[in-house]
Amino acid sequence: MEKRPKIVTVLGARPQFIKAAALSHVLKEDFEEILVHTGQHYDSNMSDVFFEELKISKPDYHLNAGAGSHGAMTGKMLIEIEKVLEIEKPDFVLVYGDTNSTLAGALAASKLLIPVIHVEAGLRSFNKAMPEEQNRILTDHVSDLLFVPTQTAVEHLKKEGITEGVHLVGDVMYDGMLHFSGIAREKSTILAQLNLQEKQFLLCTIHRAENTDDPDKLKTVFRALGKSGEQIVLPLHPRTLKCVEEYGIPISKNVRIIEPVGYLDMVRLEGAAKKILTDSGGIQKEAFFLGVPCITLREETEWVETVENGWNTLTGTSESRILEAIVAFDPKTERKHPFGDGKSAQRIRDRIKRVGAGA
Ligand code: UD1
Ligand code: UDP
């Protein structure tokens with residue numbers, strides 16, 4: 001049998017598992033894929049649950065490089081990924097999104113002159129204080145194949161002089177949503193478990209460093225949630241839990257904090273929510289895919305199309321803006337879909353194949 005080209009995929013954080021769930025099995029049809037889990041996310045409800053329920057292959061390597069400062073974490077990943085690349089000698093290294101795992105994977109490969117594939121390239125918030133913005137820019141600039149989800153992302157890359165190797169393929173998270181939303185409806189029992197009725201509650205997530213690391217901002221968000229009087233379900237990221245405890249933030253009775261949930265439960269909660277409040281990148285898009293109004297607890301977003309379409313509003317962490325949006329934000333406009341046709345994964349696979357064949 002002909003030897004198949006080898007891709008080492010580096011991942012490590014929750015949103016990357018969800019993106020890999022859409023792409024990995026498609027890649028495996030034509031490539032040998034070696035999965036490297038950096039260990040950035042390590043709790044079982046932040047990692048194992050996704051591999052199990054989304055049927056992602058077990059990682060071939062686990063680097064245990066989570067926690068610590070940005071430099072310590074990224075440095076440890078870089079050292080360990082380099083070792084794996086020296087052993088595996090892949091034809092390509094593939095990374096997703098904008099986390100420290102993304103940057104470490106891209107940098108390790110680039111230094112060894114292994115072509116870098118960046119899935120979800122070209123996103124920009126234009127806020128360089130965000131670690132994610134630094135990771136995206138740096139990763140894009142060492143990437144050889146840049147798979148971009150939207151035309152906006154193509155334009156961002158062009159402005160930075162990146163035009164070679166850029167392919168507009170749509171969003172793999174949309175592929176994933178199309179595939180898994182029916183399964184979530186069938187399998188998830190989360191609404192019954194939490195005794196929730198469709199469209200009778202708001203769903204909230206908050207974990208971005210810019211919000212969690214500032215006690216005033218985090219307190220204000222929780223105060224606004226409390227004052228809204230709405231039933232709010234909040235699967236809490238471990239980072240935020242630590243901060244809530246450390247700052248001694250009081251939680252109102254109407255705010256129900258639960259542990260992070262698996263993707264199928266999350267999609268079910270998202271679809272049943274009246275509105276979603278979040279600072280997550282992925283969840284802004286999922287709200288849009290599902291037609292649920294999204295209130296984004298940030299001052300800017302990479303996913304500008306969701307705002308332009310009228311289904312996402314930016315409130316930052318202002319109490320009055322959050323409360324106003326909870327009461328009054330009620331989009332009715334038709335959603336014009338800029339995120340592809342649900343076949344991004346196949347396009348990515350086909351393009352890598354052509355590049356591998358020298359086309
Ligand atoms: C990271 C990404 C962020 C992404 C998010 C997805 C970077 C710089 N940030 O942020 O872009 O939106 O993942 O969720 O890469 N922790 C646990 N258990 C875990 C994981 C984390 O307790 O399984 C705690 C640890 O205290 C850790 C802290 O959360 O130090 C932060 O984790 P880290 O991976 O550094 O950043 P995230 O906030 O998760
Ligand atoms: N998600 C999940 N369980 C949760 C919270 C989020 O499965 O408790 C999923 C969510 O549906 C989305 C992804 O995780 O697909 C988003 O990840 P996160 O918000 O951690 O990161 P971001 O997208 O902001 O980088």
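The values are calculated or read from the model by the stated rules, or taken from the named source; none is laboratory data. Everything quoted here is computed from the prediction, not taken from an experiment. When we count neighbours, we look across all protein chains shown, and the Cβ atoms used for this are built from the backbone with ideal geometry, even at glycine.
So the check is Cβ under 9 Å with 6+ separation or different chains; which pairs have a first residue in the range 50-68 that's more than 13 Å from residue 101 (Cα to Cα) and a second one that's assigned to a loop (DSSP other than H, G, I, E, B) and more than 16 Å from ligand 2 (Cβ to nearest atom)? Pairs that qualify, where the first residue is more than 13 Å from residue 101 (Cα to Cα) and the partner is assigned to a loop (DSSP other than H, G, I, E, B) and more than 16 Å from ligand 2 (Cβ to nearest atom), are 51/57; 51/58; 51/59; 57/28.
Within the range 99-133, the residues that satisfy the criterion of being in a helix (DSSP H, G or I), away from ligand 2 (no atom under 16 Å from the Cβ) and in contact with a strand residue (DSSP E or B) (Cβ under 6 Å, 6 or more places away or on another chain) are 106, 109, 110.
Does residue 222 fit the bill of being more than 13 Å from ligand 2 (Cβ to nearest atom), of a type outside the set (S, T, N, Q), in a helix (DSSP H, G or I) and modelled with pLDDT of 95 or more? Please lay out each step first, then the result.
Values: more than 13 Å from ligand 2 (Cβ to nearest atom): yes; of a type outside the set (S, T, N, Q): yes; in a helix (DSSP H, G or I): yes; modelled with pLDDT of 95 or more: yes.
Spelling it out, residue 222 is indeed more than 13 Å from ligand 2 (Cβ to nearest atom), of a type outside the set (S, T, N, Q), in a helix (DSSP H, G or I) and modelled with pLDDT of 95 or more.
Just to be sure before I move on: is residue 259 under 14 Å from residue 316 (Cα atoms), within 16 Å of ligand 1 (Cβ to nearest atom) and within 25 Å of the chain's Cα centre (by Cα) in the structure I sent? No, not satisfied. Residue 266 fulfils the conditions (1) away from ligand 1 (no atom under 16 Å from the Cβ); (2) closer than 27 Å to residue 136 by Cα except for a single criterion, (1).
Across the range 64-98, the qualifying residues are those that are at negative phi, out of contact with any Asp or Glu (no Cβ under 7 Å at 6 or more places or on another chain) and assigned to a loop (DSSP other than H, G, I, E, B), and the one among them that is nearest to ligand 1 (Cβ to nearest atom) is 66. Checked against (1) touching a Pro at 6+ places or on another chain (Cβ under 6 Å); (2) under 27 Å from residue 183 (Cβ atoms), residue 91 passes all but a single condition, namely (2).
Only a single criterion out of (1) more than 15 Å from ligand 2 (Cβ to nearest atom); (2) farther than 30 Å from residue 70 by Cα is not satisfied by residue 216, namely (2).
The number of residues in the range 302-319 being buried (at least 20 other Cβ atoms within 10 Å of the Cβ) and under 15 Å from residue 208 (Cα atoms) comes to 3. Residues in the range 44-63 that are in contact with an Asp or Glu (Cβ under 9 Å, 6 or more places away or on another chain) and either more than 13 Å from ligand 2 (Cβ to nearest atom) or not in a helix (DSSP H, G or I) (or both): 4 in all. Kindly indicate the residue of the range 153-203 that is under 21 Å from residue 288 (Cα atoms) and among the hydroxyl-bearing types (Ser, Thr, Tyr) and also farthest from the chain's Cα centre (by Cα) among those meeting that condition. Checked the range 153-203; the qualifying residue farthest from the chain's Cα centre (by Cα) is 188.
The strands (runs of 3 or more DSSP E) found wholly in the range 249-359 and carrying at least 3 residues that are among the hydrophobic types (A, V, I, L, M, F, W, C) occupy 255-258. For the criterion of being within 20 Å of residue 207 (Cα to Cα) and surrounded by fewer than 23 Cβ atoms within 10 Å (Cβ to Cβ), residue 42 passes.
Please enumerate the residues belonging to the range 75-121 that are β-branched (Val, Ile, Thr) and surrounded by fewer than 22 Cβ atoms within 10 Å (Cβ to Cβ).
79, 84, 87, 114 - these are the residues of the range 75-121 that are β-branched (Val, Ile, Thr) and surrounded by fewer than 22 Cβ atoms within 10 Å (Cβ to Cβ).
Inside the range 13-29, residues that are away from ligand 2 (no atom under 12 Å from the Cβ) and within 21 Å of the chain's Cα centre (by Cα) make up a count of 5.
Is one or more of the residues making up the range 240-254 more than 12 Å from ligand 2 (Cβ to nearest atom), at pLDDT 95 or above, hydroxyl-bearing (Ser, Thr, Tyr) and within 20 Å of residue 327 (Cα to Cα)? Within the range 240-254, one or more residues are more than 12 Å from ligand 2 (Cβ to nearest atom), at pLDDT 95 or above, hydroxyl-bearing (Ser, Thr, Tyr) and within 20 Å of residue 327 (Cα to Cα). Residues that are without any contact (Cβ under 8 Å) to a residue 24 or more places away in the chain and within 15 Å of ligand 1 (Cβ to nearest atom) occur at least once in the range 112-130.
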